[in-house]
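Shown next, in structure tokens, is the structure this report addresses.
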Ligand code: GLC
């Protein structure tokens, strides 16, 4: 089954790329109308594609009527109970606790009350424009049930649950013990009072019950950046989400032993709960892997904890590895996510002018971390100059495309048999035919240190050479697809799919 996942398309002030929703039942006019959304659903379904939409339920936009009403109604009002409004410590001057925001700085902002004086504080684990909802308030759950039904009734096939581990907080909002200047370290936190708290699973179960009450297949995907595969497997228990993004794979450096251990750990942790594995190399939140793999440090490092200067990237090396990584990813058992533009081999745009940066991380880090805009530059479709068919000529997209992207357009790559686009197309076609019938098993084969080799089913094999020297290919089988030209040798940073002999 193939699906398109759309990041939030709802009306939004765009303080965080649409993850600040002002109306959960509409479409932002910049993207179209509800009628356009219906047309998109119908067209996708006619093409055999499912559609997954983003459900952002940890927080709303500060422009949402619920939050506007809470601000206006004042301290102690029922309207404020939908969110986390608290009095500050130290006579109101200090935040109510030590929690930190994912985008840097404290997770609390103080409001001005109706009389113009500084008043209560409200919680936002993300930007101040994204106040957290209090999911212990019964109205919140009821409203989201209705929102989920609204979209399921329109024909969506699934949801991607944004920031799932944030949705429940330990009662009383105790300090987390974060020291001064602490950053958001969700991948290492254990027992944190605002992340991966048990009650999150009640919310996921509630949504799953609604999804299951509809005819046909649904896929519910969770975004859960938590401490390792075992914690992650809890999000995909049989009565919760169907699958979850695999951040351990996404952030893994280009290193054979590390990749193999992440693949094994992912499969091992998911087996007991019966959930399929997922594999992802890039997203709207991470440095594009064609750039990351060309750096000295090949692990993913975006976010508030990212280094201000990740170091230079070798674009040719990065792309070569990105192509090999695509064949590795698409050969693994389970589902694979392709982030728009990776099929074109797009690099991170690292030189966006500072005044155009939109990611809240840029402001919140005091202009030290540029944030995620570099992976969100609109796709080049055709032509030899911006906007490359993305918008009408003369209409500037929200982020400028590099002038030199002409050879990377879809049109240019369609015409080139060796292009990254054609590599992805061939791989997806073959994957459907070969790996779809290979079951979930994966058997590692010995091809020497630094070479990943495995077989699935009776004859499908994938080999990836992560060493600096060529390795013999003879005897491994007939090459079906290669990420770079190879004869009887598998060159460095190259992957092949082969059909085992016999
Ligand atoms: C998720 C989204 C990210 C967003 C954040 C807050 O991590 O992927 O883009 O900034 O949630 O909603």
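Some observations on this one:
- Inter-probe distance in nm under a simple model that places probes 7 Å from Cα toward Cβ, at residue 422 and residue 382: 1.9 nm
- Between 0 and 90°, nearest 10: helix 315-331 axis offset from the chain longest Cα axis: 90 degrees
- Using the Cβ-Cβ distance between residue 198 and residue 112 with R0 = 35 Å, the FRET efficiency computed as 1/(1 + (r/R0)^6) comes to roughly 0.45.
- With Cα atoms, 0 to 90° folded angle of helix 138-154 axis to the chain main axis: 40 degrees
- Compactness of segment 293-368 - radius of gyration and Dmax, Cα, Å: 14.7, 43
- Extension gain from residue 429 to residue 214, taking 0.36 nm per residue of separation minus the Cα-Cα distance: 74.4 nm
- Residue 261 versus residue 205: modelled label distance in nm, points set 7 Å from Cα along the beta carbon direction: 3.5 nm
- Neighbour-count ranking [beta-carbon atoms within 10 angstrom, fewest first] of 170, 280: 170, 280
- Packing-based exposure ordering (other Cβ within 10 Å, fewest first) of 421, 133: 421, 133
- Rounded to the nearest 500, the helix-only mean residue ellipticity at 222 nm of the chain stands at -7500 deg cm²/dmol, with each DSSP H run of n ≥ 4 adding -39,500 (n - 2.57).
- Ranking of 223, 348 by neighbouring Cβ atoms within 10 Å, starting from the fewest: 223, 348.
- Counting every pair of alpha carbons in segment 65-123, the share spaced more than 12 Å apart comes to 65 percent.
- Degrees between helix 256-270 axis and first principal axis of the chain (Cα, 0 to 90, nearest 10): 60 degrees
- Point-to-point label distance, residue 284-residue 271, nm (Cα→Cβ direction, 7 Å offset): 3.6 nm
- Per-pair calculated FRET efficiency, R0 = 30 Å: residue 437 and residue 414 via Cβ, rounded to 0.05: 0.55
- Compactness of the chain was expressed as the Cα radius of gyration divided by 2.2 N^0.38 Å, which yields 1.00.
- C-alpha center-to-center spacing [segment 311-382, segment 4-41] in angstrom: 22 Å
- Estimated FRET transfer efficiency when R0 is 41 angstrom, pair residue 467-residue 89 (beta carbons, to 0.05): 0.15
- Taking a ≥ b ≥ c as the square roots of the eigenvalues of the alpha-carbon gyration tensor, segment 122-257 is classed oblate because a/c is 1.5 or more while a/b is no larger than b/c.
- A full extension of the chain between residue 487 and residue 296 corresponds to an added length of 65.9 nm, given 0.36 nm per residue minus the alpha carbon distance.
Just so you know, all these numbers are worked out from the coordinates, no wet-lab data involved. Worth saying up front: this structure is predicted, and the values here are computed from it rather than measured. Glycine also receives a Cβ, built like all others from the backbone with ideal geometry; neighbour counts cover every protein chain displayed.
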